[in-house]
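Written out below as structure tokens is the structure these notes cover.
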């Protein structure tokens with residue numbers, strides 16, 4: 001799953017920067033976000049130290065911000081930063097068990113924050129994380145598609161409809177994803193891939209611009 005997530009994200013970002021009119025890159029790249037969101041939920045449930053997990057996510061988000069802004073010419077919080085907010089949300093929800101009103105306030109605060117700041121993917125990312133965390137597995141694909149339809153009308157995200165393929169793989173073809181897990185990816189590669197590939201994309205893009213000038 002990690003290999004598919006990294007490769008699809010790389011193809012997605014290559015498409016955004018250099019082939020914006022070719023939707024094939026984005027269609028393949030739509031697999032990445034759900035897989036990273038699912039990995040976040042698994043990591044949260046399995047980690048021995050939520051505090052350490054939060055610090056790692058915060059560090060990766062901070063390191064990634066400059067290359068993210070340079071690669072995509074934006075000041076919004078990068079995707080790992082949004083995932084960090086989602087992780088904080090999950091931690092707070094568990095701390096406030098049986099306090100439904102406060103839990104609803106936490107979810108609302110997370111959604112408002114990523115929408116207003118703004119942050120990459122906005123409210124979409126907390127929503128998909130909540131689906132993976134709390135919805136029975138046989139309903140996840142249905143709710144993921146419903147979420148995609150909502151954002152089709154809210155943001156006009158047509159290509160995002162293809163992201164449900166990732167959830168279909170997670171639900172109906174988990175053995176297919178596990179086959180890729182035989183490729184052992186060192187933790188340092190998994191954790192550094194996001195900022196490193198963004199830095200490379202930004203560097204190549206800016207060098208191309210200098211050559212043109």
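All of the numbers you see were taken from the coordinates with simple rules; none came from a lab. Since the model is a prediction, treat every value here as computed from it, not as a measurement. When we count neighbours, we look across all protein chains shown, and the Cβ atoms used for this are built from the backbone with ideal geometry, even at glycine.
Quick rundown of the values:
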{"read-out": "Residue order, fewest to most surrounding Cβ atoms within 10 angstrom, among 22, 205", "value": "22, 205"}
{"read-out": "For 83, 200, 112, order by how many other beta-carbon atoms lie within 10 Å, fewest first", "value": "112, 200, 83"}
{"read-out": "Within the chain, helix-based [θ] at 222 nm, where runs of 4 or more DSSP H residues each add -39,500 (n - 2.57), nearest 500", "value": "-26000 deg cm²/dmol"}
{"read-out": "Listed values (1) 16.9, 55; (2) 15.8, 51; (3) 17.2, 61, entry calculated as Rg and Dmax of the Cα atoms in Å", "value": "(3)"}
{"read-out": "Neighbour-count order for 26, 48, fewest beta carbons within 10 angstrom listed first", "value": "48, 26"}
